[in-house]
Amino acid sequence: MSRDVPNELKTFLLNSQVALALASPDGDCPLLLVNDKFSALTGFGAEEVIGRNCRFLQRDAGNTVAKARIHTFFDTPEQPSVRIDLVNFRKDGTPFINLLYMSKLRNRDNSVRYIFASQFDISRARPDRLAAYEAQLGGTLAALRPVLSETGAILDGSLVTVANSATMIAQAKMLLASLEESPPCG
Ligand SMILES: Cc1cc2nc3c(=O)[nH]c(=O)nc-3n(C[C@H](O)[C@H](O)[C@H](O)COP(=O)(O)O)c2cc1C
């Protein structure tokens, strides 16, 4: 089934100050929309990614634990959102650790209409930048609710903020350093 994104929702997401993506829950979850912040982070323009599943950012990184948590999110109807970090690659091949937030946007009959996601490079962040991102993402989600409600949709759950940002950033930096010691080919 093709899913159009209502104009007011599209405008809101495209103008957001954090990296965002919206996908259809149908089939292989093709991307319906990414904003300029997503393109700035990943190096991929919207025209290159719409219609694809966002896993292409992982190249051949294993991400086994993160992917298992994403599968649980998809397979558990009552789970509203998920937050994980996973190895991704920009278009130019440089790796980063993506702190990925995903949430279900539902119709009033509770069926899932879209999957909403936000991306953040936690491996190059400082705690103050992560805190600023968390505040911006929280504000985006709060402002998204009334926009969605105009289109008859509902945002599932709320943002669970990162509990220990300094530790999480330090771990991401260590993981990134280990990746950069042995860069992938291609
Ligand atoms: C809207 C949306 C955005 C996503 N963004 C990313 C992303 O930025 N990076 C990433 O590695 N995976 C992202 N994913 C997750 C992958 O598309 C995929 O669901 C995940 O790799 C698990 O499925 P797989 O095991 O079939 O690959 C996103 C998924 C959705 C629905």
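For T167 and E78, calculate 0.36 nm times their separation in residues minus their Cα-Cα distance, and state this gained length in nm to one decimal.
Numbers: separation 89, 0.36 × 89 = 32.04 nm, distance 2.95 nm.
Gain on stretching T167 to E78: 29.1 nm.
Take peptides 144-152, 174-182 and line them up by average Cβ neighbours within 10 Å, highest first, as a rough protection proxy.
Values: 144-152: 14.4, 174-182: 12.2.
Sorting 144-152, 174-182 by mean packing, highest first, produces 144-152, 174-182.
For the residue pair R145 and E47, what label-to-label distance in nm results when each label sits 7 Å from Cα along the Cα-to-beta-carbon direction?
Once both label points are built, they end up 3.9 nm from each other.
Report the relative contact order of the stretch 7-181, percent, no decimals, based on alpha-carbon pairs under 8 angstrom and at least 6 residues apart. Walk me through the numbers before you get to the answer.
Working: 280 pairs, mean separation 36.5, N = 175.
Worked out over the stretch 7-181, it gives 21 percent.
For R113, list long-range residues whose amide hydrogen, built 1.01 Å from N in the peptide plane, is under 5 Å from its own amide hydrogen.
Hits under the 5 Å cutoff: L105, R106, N107.
On each of the three principal axes of the Cα atoms of the stretch 44-109, give max minus min coordinate, whole Å, ordered largest first.
42, 29, 15
What is the calculated FRET efficiency for A132 to A177, with r their C-beta to C-beta distance and R₀ = 25 Å, to the nearest 0.05? Write out the running numbers ahead of the final one.
Details: r = 24 Å, r/R0 = 0.95.
Computed FRET efficiency for A132 and A177 comes out at 0.60.
Would you mind telling me which residue in S158, S16, S24 has the biggest mean-square fluctuation in a Gaussian network model of the chain, where springs connect alpha carbons within a distance under 10 angstrom?
Highest fluctuation of the listed residues: S158.
My understanding is that a pair violates if its Cα-Cα distance is over 23 Å; which of K37/K91; K104/K173; K10/K173 do that in this structure? Write out the running numbers ahead of the final one.
Working: K37/K91 14 Å; K104/K173 29 Å; K10/K173 33 Å.
Beyond 23 Å: K104/K173; K10/K173.
Which value in Å is the Kirkwood Rh of the stretch 7-181 over different Cα pairs?
Values: mean 1/r = 0.0607 Å⁻¹.
Computed over Cα pairs of the stretch 7-181, the Kirkwood hydrodynamic radius comes out at 16.5 Å.
Taking the Cβ of each residue in I70, I50 as the centre, tally the other Cβ atoms inside 10 Å and list the residues starting with the fewest. Each step should come with its number before you reach the end.
Numbers: I70 18, I50 14.
With the fewest neighbours first, I70, I50 line up as I50, I70.
For the stretch 1-21 and the stretch 40-74, what is the centre-to-centre distance using only Cα atoms, to the nearest Å?
18
Every number here is computed from the coordinates shown, using simple stated rules; none is lab data. Predicted model, so just to flag it, every value in this text is computed and none were measured. Virtual Cβ from ideal backbone geometry, glycine too; neighbours counted across all protein chains shown.
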